[in-house]
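J.: Questions regarding the structure given below will be posed in turn.
The values are calculated or read from the model by the stated rules, or taken from the named source; none is laboratory data. Everything numeric here is computed off the predicted structure, so don't read it as measured data. Please note: Cβ atoms are built from the backbone with ideal geometry, for glycine as well, and neighbour counts cover all protein chains shown. When the accessible area is computed, the model is the full protein with side chains, heavy atoms only, and any ligands, DNA or RNA have been set aside. Shrake-Rupley method; radii C 1.70, N 1.55, O 1.52, S 1.80 Å.
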Amino acid sequence: ELLEKLVQPGMVVADIGTGSGILAITAAKLGAISVWAVDNDPVAVLTAKGNVARNGVERLVSVHLADGCEDAPECDLLVANITAEVIENLLPDFARCIRRGGWLVVSGIVQERSGRIRSALQQTPWNHLQHRERGGWCAFAARRGWIVPKHRFFVPAEQFSNGIVRILGEDARQIRVVLRLQPGDEVGVLDGSGKEYHCVLESVRKDETVARVGNWLDLDVEPMVHITVVQSLAKGEKIEQVIQHGTEIGVSRFLLVQTERSVMRLDKERERARMERWRKIAKEAAEQAHRARIPAVDGILSLQEALQRVAGASILALHPDGAALSLAEWLRSGFPDAGVAVIVGPEGGLTNEEVLLCQEHGATTVSLMPRILRTETAALVAVSQVLVGQYIHLG
């Protein structure tokens, strides 16, 4: 189960105490490009070699007769199905074999000895400890000290293939021309699924950078509540500010709407250009803020269309005039299980007819404070209050 979760295409794997070779064979079939297996029992080594041949993975798996991992290659994942006493003694050697950010999986531990192994794996350089238990036997997975990459790029999943990722377009130009990175330099690459991959640049060109994919980390950085900002179009750079700063603090989606008092009016050609720019701003802000995902930026919609898209969420229409509740009071009344959609008017606010339309779609009208806020400020204050409410609710 742990191998299926952790083995990624292109990994180098070491299998200590390989026995029949089943773990080494499994790693190869899951996509490892090289598996170094070792056992100190000559019979086990012969058995493992036979099983490797029968499974057709001789080119990927090499089996050796030796003690420990002294001759093991630097690896992305090390598995050890051996006794707890031996694991304790070999942990320093395991740490030397595993690349930073790589994984250690130890199994074959009787429940009575699991406490000692857990304690050892809670020390430096190990982190992200995971535990599995079945039938009185235990297994642990731990990660060797992850280094946060200085430069991060979101790349579509289809640009990953066989342990390689291709970084194209403006990102490739930034790597070569702006950052002046070279082959051998390290970057973080995200595919939008919540994983960040540690990658080493192999070739750097103006229109394409190729990097080898190494270890990965599940990023647990996204808010637990899905927040949609339904933002009315506003003049100048106000929409850019809402998208940039909203992305930084945790907004999941932006829906841009044309409301009656919106000053900005765009023809189709200008709308396409603005949407492209706004999505680029969201991507760059997500990279800078170490988000795991880029928030969607959709539009330009009518208010009616936007309300239909957020059906099922708790809808909050910001309206200082005649609001029965402040947002803080609404949050204190109970935090919603579904997502939250915050509707923000333009410079002149929503009209009474638009407020009524929101209410017909289930919206609660709320205010933020006694003062009147700018449209670009209101969205960020509302989202911040919702996020604080989430953490208070979760204790």
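J.: Test of understanding: among ASP337, ASP298, which residue is surrounded by fewer than 20 Cβ atoms within 10 Å (Cβ to Cβ) and free of Cβ contacts under 8 Å to residues at least 40 places away in the same chain?
T.: Unique residue meeting the criteria: ASP337.
J.: If you go through segment 229-242 one residue at a time, do you hit one that is in a strand (DSSP E or B) and either among the charged types (D, E, K, R) or within 30 Å of ILE33 (Cβ to Cβ) (or both)?
T.: no
J.: Give all pairs with beta carbons closer than 9 Å in which a residue from segment 124-136 that is under 14 Å from GLY101 (Cβ atoms) meets a residue that is in a loop (DSSP other than H, G, I, E, B) and modelled with pLDDT under 85; count only pairs at least 6 apart in sequence or on separate chains.
T.: If the second residue must be in a loop (DSSP other than H, G, I, E, B) and modelled with pLDDT under 85, the pairs left are PRO125/GLY145; TRP126/GLY145; ASN127/GLY145; ASN127/TRP146; HIS128/TRP146.
J.: Kindly establish whether ILE87 is open to solvent by less than 20 Å² (accessible area, probe 1.4 Å), closer than 19 Å to ARG144 by Cβ and touching a Cys at 6+ places or on another chain (Cβ under 7 Å).
T.: So ILE87 fails the test.
J.: Are any of the residues in segment 69-77 under 22 Å from GLU1 (Cβ atoms), touching a helix residue (DSSP H, G or I) at 6+ places or on another chain (Cβ under 7 Å) and either surrounded by 14 or more Cβ atoms within 10 Å (Cβ to Cβ) or not acidic (Asp, Glu) (or both)?
T.: Yes, there is a match, as at least one residue in segment 69-77 is under 22 Å from GLU1 (Cβ atoms), touching a helix residue (DSSP H, G or I) at 6+ places or on another chain (Cβ under 7 Å) and either surrounded by 14 or more Cβ atoms within 10 Å (Cβ to Cβ) or not acidic (Asp, Glu) (or both).
J.: Kindly establish whether ALA363 is open to solvent by 10 Å² or more (accessible area, probe 1.4 Å), out of contact with any Gly (no Cβ under 6 Å at 6 or more places or on another chain) and not aromatic (Phe, Trp, Tyr).
T.: yes
J.: While we're here: Of all residues in segment 310-325, which are surrounded by fewer than 16 Cβ atoms within 10 Å (Cβ to Cβ) and in contact (Cβ under 8 Å) with a residue 40 or more places away in the chain?
T.: Within segment 310-325, ALA311, GLY322, ALA324, LEU325 qualify.
J.: Go through the residues of segment 156-172 one by one and say whether even a single one is assigned to a strand (DSSP E or B), closer than 30 Å to ASP93 by Cα, open to solvent by 10 Å² or more (accessible area, probe 1.4 Å) and out of contact with any Leu (no Cβ under 8 Å at 6 or more places or on another chain).
T.: Yes: segment 156-172 contains one or more residues that are assigned to a strand (DSSP E or B), closer than 30 Å to ASP93 by Cα, open to solvent by 10 Å² or more (accessible area, probe 1.4 Å) and out of contact with any Leu (no Cβ under 8 Å at 6 or more places or on another chain).
J.: Just the residues that are in a helix (DSSP H, G or I), charged (D, E, K, R) and in contact with a helix residue (DSSP H, G or I) (Cβ under 8 Å, 6 or more places away or on another chain), please, taken from segment 92-141.
T.: Answer for segment 92-141, where residues must be in a helix (DSSP H, G or I), charged (D, E, K, R) and in contact with a helix residue (DSSP H, G or I) (Cβ under 8 Å, 6 or more places away or on another chain): ARG113, ARG116.
J.: On to the next question. Given (1) closer than 29 Å to ASP267 by Cβ; (2) open to solvent by 40 Å² or more (accessible area, probe 1.4 Å); (3) assigned to a helix (DSSP H, G or I), identify the lone condition not met by LEU356.
T.: (1)
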